1. Please enumerate the residues belonging to segment 123-159 that are open to solvent by less than 50 Å² (accessible area, probe 1.4 Å) and within 20 Å of Ala21 (Cα to Cα).
2. I'm trying to understand the selection: among the residues of segment 99-122, which are surrounded by fewer than 18 Cβ atoms within 10 Å (Cβ to Cβ) and not in a strand (DSSP E or B)?
3. Which pairs have Cβ atoms under 9 Å, sit 6 or more apart or on different chains, and link a residue in segment 1-16 that is without any contact (Cβ under 8 Å) to a residue 12 or more places away in the chain to one that is part of a loop (DSSP other than H, G, I, E, B) and open to solvent by less than 20 Å² (accessible area, probe 1.4 Å)?
4. Could we say that Asn86 is of a type outside the set (Val, Ile, Thr), part of a helix (DSSP H, G or I) and more than 22 Å from Ala186 (Cβ to Cβ) here?
5. Which residue, of Leu20, Leu35, Leu91, is within 14 Å of the chain's Cα centre (by Cα), in contact (Cβ under 8 Å) with a residue 60 or more places away in the chain and not in a loop (DSSP other than H, G, I, E, B)?
Amino acid sequence: MRTALFLGSFNPVHVGHLMLAQYVLNFGGVDDLWLVVSPQNPFKSQSGLAPADVRLRMAELATGADDRIRVSDVELRLPQPSYTINTIDALEAENPGRDFIIVMGGDNLAGLPRWREADRLIRGRRFIVYPRPGEAIDSSPVEALGGSVSILNAPMVELSSTQIRRWIADGVSVRHFVPDQALPLALETYARR
């Protein structure tokens, strides 16, 4: 079983995330996809980060009707901050025989060799990389460490969780940007009080 892991804060989950997930399912050569909600990215500030359980619930609401997409709480059960190698170790221990493929933006690929235990994380692993607007993708550092990179020409959606949080705080409608099922919780979580 080939499972794509789409890791992120999903603060909040939005249609761009779901469009990419569907594209990976359609064209990435995988059987299913797991959204892995990260409680804290070691490379990002926690400023404006909603509680992990709330972000997990929004992701569950947004994906509930799709049996090929699963929301994983594995990183919520691990020590903080979240390191991808620890996530992979935990998932492989819980799911022997499953082939985990990491989905990431092209902007993160160049820094991958600097991640914790990068050699072990990369060697023999497949990465599905989607381009970001204006970013060139250089897969050679990952390939030099024994990983393989598949570049997915997914449609580029210039939408960010940061922008959605800002719109919600400013009272701007985010209908159709946040999945309907998760919208009430997103509005409650990010509205200015």
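The values are calculated or read from the model by the stated rules, or taken from the named source; none is laboratory data. Because the structure is a prediction, the values reported are computed rather than measured. Positions of Cβ are generated from backbone atoms using ideal geometry, with glycine treated the same way; all protein chains shown enter the neighbour counts. SASA here: full protein model, heavy atoms, side chains in, ligands and nucleic acids out. Shrake-Rupley method; radii C 1.70, N 1.55, O 1.52, S 1.80 Å.
1. The initial filter retains those residues of segment 123-159 that are open to solvent by less than 50 Å² (accessible area, probe 1.4 Å), namely 125, 127-131, 137, 139, 141-142, 145-147, 149-150, 152, 154, 159.
Arg125, Phe127, Ile128, Val129, Tyr130, Pro131, Ile137, Val149, Ser150, Leu152, Ala154, Leu159, listed by residue number.
2. Start the filter on segment 99-122 by keeping residues that are surrounded by fewer than 18 Cβ atoms within 10 Å (Cβ to Cβ), which leaves 99, 105, 107-108, 110-111, 113-117, 119-120.
Those that are surrounded by fewer than 18 Cβ atoms within 10 Å (Cβ to Cβ) and not in a strand (DSSP E or B): Asp107, Asn108, Ala110, Gly111, Pro113, Arg114, Trp115, Arg116, Glu117, Asp119, Arg120.
3. Correct list of pairs: empty, since none qualify.
4. Details: of a type outside the set (Val, Ile, Thr): yes; part of a helix (DSSP H, G or I): yes; more than 22 Å from Ala186 (Cβ to Cβ): yes.
The answer is yes for Asn86.
5. Numbers: Leu35 fails: in contact (Cβ under 8 Å) with a residue 60 or more places away in the chain; Leu91 fails: within 14 Å of the chain's Cα centre (by Cα).
Being within 14 Å of the chain's Cα centre (by Cα), in contact (Cβ under 8 Å) with a residue 60 or more places away in the chain and not in a loop (DSSP other than H, G, I, E, B) holds for just one of Leu20, Leu35, Leu91, which is Leu20.
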